[in-house]
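Worksheet: one structure, shown below.
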Amino acid sequence: MIKGAKHIVRYFFCFICLIISAISVKGQGGTNKGRISGKVTDTLTNSPVDFATITVYKAGASSPVNGASTDQKGNFTVDKLPAGEYTVTVDFIGYQLKTIGHVTIGSQASAVSLGNILLSPLQNKLGNVTVSTKTPIVENKIDKLVYNAANDLTAQGGVALDVLKKVPMVSVDVDGNVELQGDANIRFLINGKPSSIFGASLVDALQSIPASQIKSIEVITSPGAKYDAAGTGGIINIVLKDSKVRGINGSVNLSAGTRLENGSFNLNARKGNVSVGAFFSGNEQLNTTTKNTTNRQSFNTIMDTISQLYQQGSNPFVRSGYQSGLNFNWSITKKDELTATAGFNHFGNHGTGLTNQSQESLLTTGDVLSDISSIRNSSSSFSANSIDWSIGYKKTFKKEGQELEVLYNASYGKNTFNAAQVSSYPDGNYPASGLQSFNPGNDHETDISIDYTQPVKEGFTIETGVKAVLENLYNSVTTDTLFNDGSYKNDAGQTYAFNYKRNVYAAYLSTSYSLFHDFIDGKAGLRYERTNTTADFSGTSIPGYNTFAPSFVIQHKFDESQSIKFAYSYRIERPDYGDLNPFLNISDPHNISTGNPLLKPEIGHNFELGYNKTFKKGGNIYFAGFYRYNTDDIQSFTTYYPTFTADGTEYTDVSVSQRYNIGSQTGIGVNIFGSVPVNSQLNLRSNMQLGERTNSTPGLATVTGFAYRLNLNAAWQFPNNLLAEVFGNYNSSQKNIQGTRPAFVSYNLAARKQFWHKNASIGITMANPFNKYVNQHSTVFGSNFNQANLRQIPFRSFGITVSYKFGKLEFKKPKEENNDFLNSAP
């Protein structure tokens with residue numbers, strides 16, 4: 001299988017080389033080098049109009065020769081145009097059609113800038129308007145890939161993790177662990193901003209965001225210098241729904257199911273140059289019981305005694321969460337804009353467990369030395385709350401593209417983890433043992449950034465900026481031990497406090513450019529970050545360090561339908577709250593986990609080569625080959641101890657899992673995404689990723705593992721606004737540094753009926769309807785132990801969803817005196 005994967009990778013790179021050869025040939029003989037560019041702006045608010053349709057016609061012709069859509073900043077470029085006279089139209093729902101005639105591309109003046117194009121709103125009131133624009137599911141841009149989740153049918157009623165399963169280059173396992181091109185060290189953002197909610201528990205945070213609240217997911221595998229260097233895997237930005245349309249509008253989404261329930265409410269109002277919005281969403285994973293079986297064999301140093309631990313139990317588990325937020329936007333003048341956001345997030349989980357345990361010690365001759373049976377009752381609860389708020393100011397200047405942005409973002413997190421366990425012995429030969437622990441903590445992060453963009457000339461722009469990230473983690477642990485009389489007394493050895501402060505100061509310089517008469521477009525930059533860290537945990541001293549993070553991406557467009565790009569980025573992965581927290585989780589005394597405050601940052605080098613092609617009938621295909629090399633790679637490592645002492649308390653037959661800088665990791669692979677509209681009713685999408693990962697650790701054998709991921713999505717549009725969708729996903733197993741990661745298969749079926757002029761809908765969803773459990777087989781081994789695990793996770797679910805959109809859109813020009821007080825001096 002591994003050899004086959006290597007052949008696939010080689011064939012892919014050969015294919016890309018052929019494309020590059022074609023580029024050089026085409027570059028020598030191409031003649032269509034004309035280009036029309038510009039920016040589309042709302043006349044009332046001076047805000048950019050994204051997704052506006054730009055269409056270019058030959059003068060006097062009725063059929064277009066080319067076209068484009070504006071980006072989020074309202075900019076557009078239509079290139080590969082021969083010399084001649086053209087007519088350009090600019091159109092978007094709710095605005096008057098703009099027509100620009102006599103646009104001439106000459107043999108000498110081949111690049112024409114239309115400047116700032118003002119679109120006027122329709123001057124009437126529309127009641128109960130349904131605004132719908134057909135946006136492609138996947139958009140591939142020069143520096144990121146965008147998955148538009150609004151029409152994701154099988155994820156309706158689900159959570160963010162259900163949407164991420166469909167995103168190209170992203171894989172999600174049954175426990176909600178996310179990888180981007182095979183790397184789990186991902187920087188997650190919400191609406192482009194960090195949040196302490198992700199540092200507390202990433203899986204719980206992603207489980208708490210309803211899919212109905214997500215507008216799109218942006219995947220940035222090779223971030224530029226403007227982005228923080230954090231995240232060796234790259235960046236995933238979750239963009240929540242909002243509305244830029246004037247008037248009052250909103251939506252309600254509700255779902256009920258056998259395993260998951262959620263709902264969301266959005267309300268937006270925009271009048272004149274002011275807009276406000278509010279949202280509330282929440283969900284609950286209903287009580288589910290996972291079955292666990294563990295069989296571990298361990299050996300003493302001279303290999304003459306075998307210890308065997310067998311555990312079999314069940315763990316009921318519930319999870320819930322909710323988010324709320326407010327946003328405000330004020331276009332103070334046509335060139336000054338103020339934005340502010342505030343949000344509150346909460347999520348938590350609670351689990352209990354009943355486990356039957358058998359500990360047997362015997363000689364290699366078969367003679368039994370001891371045989372102890374016990375029953376362990378355990379419970380754990382986790383709660384996280386965070387308050388996020390930001391305020392931003394944006395200044396635009398007369399020169400198109402010249403901008404100044406100032407942003408202040410703050411996040412306050414408060415987390416609590418409590419655990420307890422009691423082991424009893426039915427034969428009465430041993431007294432009951434147990435403990436209870438309380439682990440509250442706080443996470444406060446403040447980000448202050450200033451960014452400036454300066455167009456130097458056509459085809460060349462400079463961006464620069466500075467940023468400060470101030471992070472303060474506080475954590476305390478109180479542990480009480482069960483005594484023979486049934487009382488709990490404080491264990492001073494496992495009661496402590498932990499303060500961790502990290503300040504990152506950054507500056508960057510980057511350029512966007514076009515070379516060789518627009519034959520190549522690119523971005524290149526350098527980011528500098530200074531990291532200062534202090535920790536008051538005993539024995540911990542962390543020196544400050546400097547990071548220089550270069551990055552670049554170059555792209556060639558064959559035409560408006562196909563392009564090829566090559567990118568490199570230098571990344572760093574700083575350990576987060578969960579990695580650093582030295583709290584000992586002893587909810588299972590035979591399997592203890594803890595953080596490591598001595599972790600060093602992980603360094604990553606990411607290379608990517610991609611080819612994108614869109615077709616006239618709406619089809620799309622994207623190939624990406626990637627190579628990643630990480631040093632000081634951060635991974636969990638399990639060590640077995642016949643006897644483990646935790647600050648004076650002794651435990652027997654214990655495996656301890658802790659995060660370490662284990663050495664280096666190399667990853668190479670291919671991702672292929674395709675979307676095919678078979679006909680007007682049937683659309684197929686598929687994503688395939690194949691990759692090989694090699695871990696090299698001093699003192700241990702080098703481990704290489706091949707893995708692949710496949711999924712297929714089929715959507716069928718029936719008459720009368722009825723849509724059905726089927727989605728299947730398979731993640732293969734993979735060897736890792738200490739065993740194997742389990743395979744995972746899932747499939748979903750969904751249908752939705754729209755009515756009331758598509759303002760309302762009702763749908764049904766099913767997940768793994770023919771399999772009650774997902775069986776997860778995994779292995780873990782070390783120099784003196786080997787372990788086999790089976791987890792049976794309930795995954796089957798059935799649900800019903802309803803949604804409703806409401807509101808009236810008003811397109812009225814505000815009174816001029818609204819801003820008079822800003823333009824006059826006292």
Original post:
What residue, of 645, 639, is out of contact with any His (no Cβ under 9 Å at 6 or more places or on another chain) and touching a residue at least 12 places away in the same chain (Cβ under 8 Å)?
Top reply: 639
**OP:** Could you check how many residues of region 523-562 are touching a Gly at 6+ places or on another chain (Cβ under 9 Å) and not in a strand (DSSP E or B)?
**Re:** 1
Original post:
Among the residues of region 172-184, is there at least one that is farther than 30 Å from residue 580 by Cβ, part of a loop (DSSP other than H, G, I, E, B), open to solvent by 20 Å² or more (accessible area, probe 1.4 Å) and of a type outside the set (Gly, Ala, Ser)?
Top reply: no
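Condition test on residue 437, is it over 30 Å from residue 509 (Cα atoms) and either open to solvent by 50 Å² or more (accessible area, probe 1.4 Å) or under 34 Å from the mean Cα position of the chain (by Cα) (or both)?
So residue 437 fits the description; yes.
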Subject >> Selection count where residues are surrounded by fewer than 16 Cβ atoms within 10 Å (Cβ to Cβ), in contact (Cβ under 8 Å) with a residue 40 or more places away in the chain, in contact with an Asp or Glu (Cβ under 8 Å, 6 or more places away or on another chain) and among the polar types (S, T, N, Q), scope region 327-380 >> reply: 3
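Checking the structure you have, find out if any residue of region 746-759 is under 19 Å from residue 291 (Cα atoms) and open to solvent by less than 70 Å² (accessible area, probe 1.4 Å).
The answer is yes, given that some residue of region 746-759 is under 19 Å from residue 291 (Cα atoms) and open to solvent by less than 70 Å² (accessible area, probe 1.4 Å).
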**OP:** Look through 258, 232 and report the one residue that is surrounded by fewer than 22 Cβ atoms within 10 Å (Cβ to Cβ), hydroxyl-bearing (Ser, Thr, Tyr) and touching a strand residue (DSSP E or B) at 6+ places or on another chain (Cβ under 7 Å).
**Re:** 258
Subject >> Restricting region 782-796 to residues that are in contact with a strand residue (DSSP E or B) (Cβ under 7 Å, 6 or more places away or on another chain) and not in a strand (DSSP E or B), the residue that is least open to solvent (accessible area, probe 1.4 Å) >> reply: 795
Original post:
Given (1) open to solvent by 30 Å² or more (accessible area, probe 1.4 Å); (2) farther than 27 Å from residue 220 by Cβ; (3) over 30 Å from the mean Cα position of the chain (by Cα), where does residue 474 come up short, assuming only one miss?
Top reply: (3)
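Residue by residue, here is whether (1) part of a strand (DSSP E or B); (2) in contact with a strand residue (DSSP E or B) (Cβ under 8 Å, 6 or more places away or on another chain); (3) open to solvent by less than 30 Å² (accessible area, probe 1.4 Å) holds:
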{"residue": "688", "(1), (2), (3)": "yes, yes, no"}
{"residue": "698", "(1), (2), (3)": "no, no, no"}
{"residue": "713", "(1), (2), (3)": "yes, yes, yes"}
{"residue": "717", "(1), (2), (3)": "yes, yes, no"}
{"residue": "725", "(1), (2), (3)": "yes, yes, yes"}
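Would you check if there is a residue in region 212-225 being among the hydrophobic types (A, V, I, L, M, F, W, C), assigned to a loop (DSSP other than H, G, I, E, B) and at pLDDT 90 or above?
Yes.
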**OP:** For residues that are more than 37 Å from the chain's Cα centre (by Cα) and not in a strand (DSSP E or B), tally how many sit in region 70-95.
**Re:** 2
Subject >> Qualifying positions in region 415-428 - touching a residue at least 12 places away in the same chain (Cβ under 8 Å) and surrounded by fewer than 18 Cβ atoms within 10 Å (Cβ to Cβ) >> reply: 416, 418, 422, 424, 425, 426, 427
Subject >> Residue check for residue 628: farther than 14 Å from residue 694 by Cα, touching a residue at least 60 places away in the same chain (Cβ under 8 Å) and in a strand (DSSP E or B) >> reply: no
**OP:** May I ask you to say which residue of 771, 775 is surrounded by fewer than 17 Cβ atoms within 10 Å (Cβ to Cβ), over 24 Å from the mean Cα position of the chain (by Cα) and in a strand (DSSP E or B)?
**Re:** 775
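Evaluate region 185-193: report whether one residue or more is closer than 20 Å to residue 806 by Cβ and open to solvent by 30 Å² or more (accessible area, probe 1.4 Å).
No, there is no match, as no residue in region 185-193 is closer than 20 Å to residue 806 by Cβ and open to solvent by 30 Å² or more (accessible area, probe 1.4 Å).
The values are calculated or read from the model by the stated rules, or taken from the named source; none is laboratory data. Note that this is a predicted model, so its numbers are computed, not measured. When we count neighbours, we look across all protein chains shown, and the Cβ atoms used for this are built from the backbone with ideal geometry, even at glycine. The protein model used for the area step is the full one, side chains on, heavy atoms only, and it has no ligands, DNA or RNA in it. Shrake-Rupley method; radii C 1.70, N 1.55, O 1.52, S 1.80 Å.
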